[in-house]
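The structure under discussion appears below in the form of structure tokens.
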Amino acid sequence: MAYVISDACVMCGACADACPLGIISEGDGKYVIDADQCVECGTCAAECPNEAISQE
């Protein structure tokens, strides 16, 4: 199950910087993870200071 970013995202960019695949990009008001490329490593969720990232 791919990770998703909730509306609790404050656009800090920590997740995008941490993603080893570089598949997190700026969306409309929050960052977005490309679910088709997510390998579920959890690095992004571990780095998120607002706990805005979880598995679907």
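The values are calculated or read from the model by the stated rules, or taken from the named source; none is laboratory data. Values in this document were obtained by computation on a predicted structure and should not be read as measured data. FYI the Cβ positions are ideal-geometry reconstructions off the backbone, even for glycines, and counts take in every protein chain you see. The area values use the complete protein model at the heavy-atom level, side chains included, leaving out ligands, DNA and RNA. Shrake-Rupley method; radii C 1.70, N 1.55, O 1.52, S 1.80 Å.
The figures follow:
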quantity: Solvent-accessible area, 1.4 Å probe, carbon plus sulfur percent, for the chain; calculated: 44
quantity: Alpha carbon Rg of the chain, scaled by the compact-globule rule 2.2 N^0.38 Å; calculated: 0.94
quantity: Accessible area of the chain divided out per residue, in Å², using a probe of 1.4 angstrom; calculated: 62
quantity: Separation of the Asp36 and Val4 label points, Cα + 7 Å toward Cβ, nm; calculated: 1.8
